Structures are given as C-alpha cells and as structure tokens.
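Novice: There's a structure below that I have some questions on.
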Amino acid sequence: MKLASVDAIRASLEGVIPATMATCAPDGTPNVAYLSQVEYVDPDHVALSWQFFNKTRENVLANPVARLTIVDPDTIARHCLLLRYLRTETAGPLFERMKAKLAGIASHSGMAGVFRLRGSDVYRVEEILRLPGEVLPAPPARRSLLAAVRACVQRLSGAGDLQALFETALEAVEAEFGIRHALVLLADAAGHRLYTVASRGYPESGVGSEIPFGRGIVGVAARERTPIRVGHAQAEYAYGRAMREAALREGIALETEIPLPGLADSRSQLAVPIEAFGRLLGVLFADSAEDLRFGYDDEDALVTVAGSLGTAIHVLQATAEADAAAESGPAGVPAPGGTPVAVRHFAENDSIFLDGEYLIKGVAGRIFHALVADFLATGRTEFTNRELRLDPRVKLPEIGDNLEARLILLSRRLAERDAGARLEKSGRGRLRLVLTRPLRLVEVKGE
Amino acid sequence: MTNDPVLDAELAAFCQSGVSITAGTRGAGLVPNATRALGCRVSADRRRVTVFILAAQSEGAMADIGANGAIAVVFSYPPTHRTVQLKAGDAVLGALEAGDAERIARYREAFRESLVGIGYGRGLPDTLLAGPLEDCVAVSFTPSAAFVQTPGPGAGKPLGGAR
C-alpha cells in the first residue's frame, strides 16, 4: 500500500524502535545501518542524524538514494521509505530540535557521550510503502487532540487581562491535555533571557526565575524559535541548577535568588515558543515524569495553543494601556500602623529586599522602588501602567517590553513574600499599592 | 590471501544467537532494498552463511539478489548494541533445508528473549518475526568481509578476521 505523506506515520519516528537504513556504494556494494534518530521535517521530508563518518554517510554523498525501514511502536506496522539525500544542516531550528532529542535518546540507550549530532541530513521522501505482515491492534486514542486544542483556544479567548490569561492557559493545558506541570515564561529580548510569569504543578511557583536564551530546552526553543522536545531523562539540557551555574560562570547576569521550578524526576519535556506578529513573546513549557509523554501531535497541539496565547498576550498588552485613565486616582488611603517594613534598594542591580529577604531585581525592582518612593513622598497609592512605562526611573529596556507582565511578576512576588505590601489591579491599566504595614526605604549604593 | 573464513567461531555463534538481522541489497540503478531475516545458519566450515527471509516482505530484495547477488547483512544484539555487518557478492536464493524450521523457531525464542530482557513487550519481537514457514526463503552467501558497526567512533572498521 502506498502512502502519500509522512504525517500518517510520524509515531514511527519517535525513536522507540531503531530504524534501518540501506544504502549502496557507487561500486554496487550495499550497506545496512541502524539509526537512532529520524526526524519529521514536513509531509515530504525527513532528517536523519549524522553522528559519525560512516559507510552510510559516505554512500549517500556518492549515491543519494536510500531505503529506510521504520516501525510503529504500538502496532509494529512497518513502512519502507525511498529517500533521496538533499543537504546537511549543522545549525538552526531543525539541527537544535534533533540535537536535544538525541541527547534524550543517547541517555536512554546508555549512549550518552557517544552520540553527538554533527549534522541533520535532510532527505526527500519519494515513496512510502507499507510492508505486508502481521500488526498489533492500535491502542485506543487518549482523546482527540484537535478537540482539546479547540477547547483550549476557546478558554483563552475568554481571558480579560494578562494575569487571567496566563492562569487560564495553564489551567486549560492541564484540563484539556492532562499536562500537570507547566510554565509560562516571557522573553526579555534586550536581556536575552526569559522570566517565569506563571507556573502550575510545582511545589514552588518559581515566578521571577530566569533562563538565558540558548540554555536548556526553554532557552534553545526561544533562541531558535522552534519547539524543542525530549522524550527521556538526560543531563545535557537539564535547565536546573547546573545550567544556571554554567551560565553564571560565563558571566551571564541572571536572577539567582528565585529557583527555577522543575520536576526532580522529569523525563519528557516540551518547550514551545509563544510568538505573535513575527515577534517572540515567550515560551510555554511542559514536563512530565513519563518517558515519551509528548509526541509529534502533542507538539502540534501546543504550538497551536501557544499561537493563540501569543495573539492574546499581544492584544491584552495593547488594550491595557489604551484604556487606562490619564490621571492618577485619589490618594488619601489612611496609612497603616505598626512596625515599618524595611525596603532595601541596592542601586547596583536594583534588587529589593523586604526586611532582609530578597524580593526581586531588575525592571520589576525599579518599578517597586518608584512606587515606594512616590508613596513615601506624596502618599499616592494609585498608579497607571502608562505613567510607569514613561517613568525614567523604571528604564524599560525597550518599547516592546511587556510592562504588564513585569507588574504581574512583581505582584506575584509580593503576594508570595507576604511582607505587608501588595499590588492590586484597580482597573484596566491601573494598579494600587496596598499596605498593611508602614514602609521605610533604605538606599544602598555600590557594593 | 589466506584461506581462513571471515567468521571465527565466536562470530559464527554471535550471528546465530538472538540478534536482530537485516539484509540489504541493491537493484540495477544502485537503488537499495532491505528486509528483515528470521535467523541464520553458518556452515560447519564457517564459509557459507544463510539467512531466512519472508518472501511476502522481500519482493525488492529477492529481485535484487536474483539479478546481481550483492548483499550486506547486519547482525545486532540489542542489549549491548554490538553490531557486525557481513558483505558478499554471491548471494543466491534457495529453499529451506532440514533443520531450518527448528532453527527459525529457536531464533524466534532467542530474539524475543533479547528484546524482553531490555524492557520491550513480547508483541514487538513476535510481530516483527511473524510469518508462515512456507513463505520463508533461504539466502546463502560467502562473506568476503566483516565490519564492526557497534555505534561509536570505531563503527565501520573491518573486523580482525576480514579479508
């Protein structure tokens, strides 16, 4: 039986059962090799991992036709693909997707340190034949992913502000896809890093934690703007302590006080870029303690959800400030009594400590510093997003920076620290500093 | 050129154990084909190797062998990834001989053990090797070279015994 598209047999490309590849030297000598990795590129193309200078590679460079046999891990159905070698990619999204996935395959098969991706060999699929023979019954589908995507997108469209949008997105991926551990991170393009704005399913929220572009699965997904998916536990892309320490050693300034949330026994990870109108806005990240939890179809589903999320972020960010009233609201809320909270501001990196405990630094630190300074000078507790955006003390890194997301991050950190100061939305594009204790600002200059 | 066979006793035993076996061939336009084998027989003098394939799944490979006799057969033991490839230019198709039916049955058991031992269900080996005995064809050849193919930088090197 002839098939028209590689889409229909993508489950056979997850690397559960090694594929075999037959090639032929120009002198007519055939060769057979086992392959650890075949990657779906599009309905007419696949890519094979080039790891060693071997006979297979020598043959396809000289005689570009090859016969690939792949096995469906559930039904054991086999397909023979006639391939034609086109090119080798040694950088970019396809290469990075394969490199990350190979790290998982290598670790799972005891080949960590042996398998190393030199290049992604791209082939055109010229024919797909189903081999006759026995097959096992297909397992029942978990559910229709298309229906799950539809439900997710519908939920997202109901969110009225960014805070609600992030919470809705994480609730929806749990309810519709059964993904219980997930993060939303937003991109700080100027700082070449991502910061966590929402999380679900971890013991610590990790809101405010950071990942540099290009580091770990999340950082590579952001830098290459492509989904990165790993199906087995591995060390190479672990985005926890080791990754962060390596980045710090290389002089990358990073949030170090807030630990990244993550599963200790994570096996499957999927990071999907959140984009809108050609810009990277962030990354949606999911992980699971199950091997091979996320397949090609799950990846497509989350990419679609992330697309909808990206558009919603873009729109809600724009409307938040457009709707804000120009004048600030009334002052005159009575000041609370009690022992003042010591708000220590370190000018060097704009880090803020409340009663000696770390709160936040960077842009969110400058915002809080400005709010506290204004409150202490004038008694004001009502502010607008617009004035903060224009406030020279806040020094937003760029016009496109997501101020609203920084405010969500700050208010979330304040709520988690619970030290007598909170931020509340008091309307569209407006916020209120809510105090249960008086504040005392301490400026710390230099070291 | 010496007269030692390409296979020593240890390699002959390896090829006849519960290893995964795939044969590669090629047609007139140097277009390759491949098919899975269901076991292996090595002659007493270790010069002649025979693998068994299913005709229904081996249309291309059988046509290639009939046309030119070029063959490459890879033997790989999943638990250790140890992999060896034999090459020959004189492959011919034939019928099963006395004892081959038992050999195939023993092979199915051994292959199942290799895979179940590393965590696969029985369904994988049993389905991969399913097929009626009447459909089995013997492919015999005289290996002219053997190569190490265990994944790693040493892959592709000729084995010590290779001529």
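Novice: Listed residues B:Leu96, B:Leu38; which is touching a residue at least 12 places away in the same chain (Cβ under 8 Å), crowded, with 16+ Cβ neighbours inside 10 Å and away from chain A (no Cβ under 14 Å)?
Specialist: None of the others qualify; the one that does is B:Leu96.
Novice: OK, next. Which members of segment B:134-163 meet the condition of being over 14 Å from the mean Cα position of the chain (by Cα), modelled with pLDDT of 90 or more and more than 14 Å from chain A (Cβ to nearest Cβ)?
Specialist: Once the filter is applied, which keeps residues that are over 14 Å from the mean Cα position of the chain (by Cα), modelled with pLDDT of 90 or more and more than 14 Å from chain A (Cβ to nearest Cβ), segment B:134-163 yields only B:Glu134.
Novice: Another question, if that's okay. Out of all the residues in segment A:278-299, is one or more free of Cβ contacts under 8 Å to residues at least 60 places away in the same chain and crowded, with 18+ Cβ neighbours inside 10 Å?
Specialist: no
Novice: So which residues in segment A:54-68 are in a helix (DSSP H, G or I) and small (Gly, Ala, Ser), if there are any at all?
Specialist: Selection gives A:Ala62 alone.
Novice: Considering segment A:113-126 alone, what residues qualify as being within 14 Å of chain B (Cβ to nearest Cβ) and either at pLDDT below 95 or under 29 Å from the mean Cα position of the chain (by Cα) (or both)?
Specialist: A:Gly113, A:Val114, A:Phe115, A:Arg116, A:Leu117, A:Arg118, A:Tyr123 - these are the residues of segment A:113-126 that are within 14 Å of chain B (Cβ to nearest Cβ) and either at pLDDT below 95 or under 29 Å from the mean Cα position of the chain (by Cα) (or both).
Novice: Here's a check for you: in segment B:51-68, which residue that is of a type in the set (A, V, I, L, M) and either in a helix (DSSP H, G or I) or touching a His at 6+ places or on another chain (Cβ under 6 Å) (or both) is nearest to A:Ile76 (Cα to Cα)?
Specialist: B:Ala56
Novice: Within segment A:132-167, track down each residue that is among the aliphatic types (A, V, I, L, M) and farther than 20 Å from B:Leu124 by Cα.
Specialist: Of everything in segment A:132-167, those that are among the aliphatic types (A, V, I, L, M) and farther than 20 Å from B:Leu124 by Cα turn out to be A:Leu145, A:Leu146, A:Ala147, A:Ala148, A:Val149, A:Ala151, A:Val153, A:Leu156, A:Ala159, A:Leu162, A:Ala164, A:Leu165.
Novice: Can you name the number of the only condition in (1) within 10 Å of another protein chain (Cβ to nearest Cβ); (2) touching a His at 6+ places or on another chain (Cβ under 9 Å); (3) surrounded by fewer than 19 Cβ atoms within 10 Å (Cβ to Cβ) that A:Thr69 fails?
Specialist: So A:Thr69 meets the others, but not (3).
To keep it simple, each residue is scored yes or no on (1) farther than 21 Å from B:Ala130 by Cβ; (2) over 13 Å from the mean Cα position of the chain (by Cα); (3) not charged (D, E, K, R).
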position: B:Glu10; (1), (2), (3): yes, yes, no
position: B:Ser17; (1), (2), (3): no, no, yes
position: B:Thr25; (1), (2), (3): yes, no, yes
position: B:Ala34; (1), (2), (3): no, no, yes
position: B:Val42; (1), (2), (3): yes, no, yes
position: B:Ala67; (1), (2), (3): yes, yes, yes
position: B:His81; (1), (2), (3): yes, yes, yes
position: B:Ala88; (1), (2), (3): yes, no, yes
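Novice: So A:Arg124 ticks every box in (1) part of a strand (DSSP E or B); (2) within 18 Å of A:Tyr34 (Cβ to Cβ) but one. Which box is left unticked?
Specialist: Going through the list (1) part of a strand (DSSP E or B); (2) within 18 Å of A:Tyr34 (Cβ to Cβ), A:Arg124 breaks only (2).
Novice: Okay, next question. Look at A:Glu387 and say whether it is within 28 Å of the chain's Cα centre (by Cα) and in a helix (DSSP H, G or I).
Specialist: No, not satisfied.
Novice: May I pose another question? What residue, of A:Leu86, A:Leu3, is at pLDDT 95 or above and more than 10 Å from chain B (Cβ to nearest Cβ)?
Specialist: Exactly one of A:Leu86, A:Leu3 is at pLDDT 95 or above and more than 10 Å from chain B (Cβ to nearest Cβ), namely A:Leu86.
Novice: If I ask for residues that are surrounded by fewer than 19 Cβ atoms within 10 Å (Cβ to Cβ), assigned to a loop (DSSP other than H, G, I, E, B) and more than 28 Å from the chain's Cα centre (by Cα), which ones from segment A:26-53 would you list?
Specialist: Scanning segment A:26-53 gives A:Pro26, A:Asp27, A:Gly28, A:Phe53.
Novice: Could you check segment A:256-277 and list, in sequence order, the residues that are within 30 Å of A:Tyr358 (Cβ to Cβ) and under 17 Å from the mean Cα position of the chain (by Cα)?
Specialist: Hits for segment A:256-277 are A:Pro259, A:Leu260, A:Pro261, A:Gly262, A:Leu263, A:Ser266, A:Gln269, A:Ala271, A:Pro273, A:Ile274.
Novice: Let me ask something else. Does A:Leu81 satisfy the criteria of being within 9 Å of chain B (Cβ to nearest Cβ) and either among the hydrophobic types (A, V, I, L, M, F, W, C) or crowded, with 20+ Cβ neighbours inside 10 Å (or both)?
Specialist: no
Novice: Sticking with this structure for a sec: A:Ala159 is checked against (1) touching a residue at least 12 places away in the same chain (Cβ under 8 Å); (2) within 14 Å of chain B (Cβ to nearest Cβ); (3) assigned to a loop (DSSP other than H, G, I, E, B) and fails just one. What number does that condition carry?
Specialist: Just one mismatch for A:Ala159, condition (2).
Novice: Report every pair of residues separated by at least 6 positions or lying on different chains whose Cβ atoms are under 7 Å apart, first residue within segment B:108-129 and part of a helix (DSSP H, G or I), second loosely packed, with under 14 Cβ neighbours inside 10 Å and among the basic types (Lys, Arg).
Specialist: B:Arg112/B:Arg122; B:Val116/B:Arg122
Novice: Could you tell me which numbered condition A:Ala377 fails, if it satisfies all but one of (1) under 26 Å from A:Leu254 (Cα atoms); (2) surrounded by fewer than 20 Cβ atoms within 10 Å (Cβ to Cβ); (3) aliphatic (A, V, I, L, M)?
Specialist: (1)
Novice: Across segment A:173-205, what is the total count of residues that are surrounded by fewer than 22 Cβ atoms within 10 Å (Cβ to Cβ) and in a loop (DSSP other than H, G, I, E, B)?
Specialist: Summing the residues that are surrounded by fewer than 22 Cβ atoms within 10 Å (Cβ to Cβ) and in a loop (DSSP other than H, G, I, E, B) in segment A:173-205 gives 12.
Novice: Given the condition of a type in the set (A, V, I, L, M), within 10 Å of another protein chain (Cβ to nearest Cβ) and within 30 Å of B:Arg122 (Cβ to Cβ), answer yes or no: does some residue in segment A:58-66 qualify?
Specialist: For segment A:58-66, residues of a type in the set (A, V, I, L, M), within 10 Å of another protein chain (Cβ to nearest Cβ) and within 30 Å of B:Arg122 (Cβ to Cβ): absent.
Novice: Looking at (1) part of a loop (DSSP other than H, G, I, E, B); (2) touching a His at 6+ places or on another chain (Cβ under 8 Å), find the lone condition where A:Ile76 falls short.
Specialist: It is condition (2) that A:Ile76 fails.
Novice: Right, here's the next one. Taking the conditions exactly as written (within 11 Å of chain B (Cβ to nearest Cβ) and either part of a loop (DSSP other than H, G, I, E, B) or closer than 29 Å to A:Arg223 by Cβ (or both)), does A:Gly104 satisfy them or not?
Specialist: No; evaluated as a whole, the condition is false for this residue.
Novice: Kindly provide the set of residues from segment A:127-145 that are exposed (fewer than 13 other Cβ atoms within 10 Å of the Cβ), over 27 Å from B:Ala130 (Cα atoms) and touching a residue at least 12 places away in the same chain (Cβ under 8 Å), ordered by number.
Specialist: A:Arg142
Novice: How many residues, within segment A:102-149, are of a type outside the set (A, V, I, L, M) and in contact with a Gly (Cβ under 7 Å, 6 or more places away or on another chain)?
Specialist: Result for segment A:102-149: 2.
The values are calculated or read from the model by the stated rules, or taken from the named source; none is laboratory data. On a predicted model such as this, the values are computed, not experimentally measured, just so you know. With ideal geometry, Cβ positions are generated from the backbone for all residues, glycine too; neighbour counts draw on all protein chains shown.
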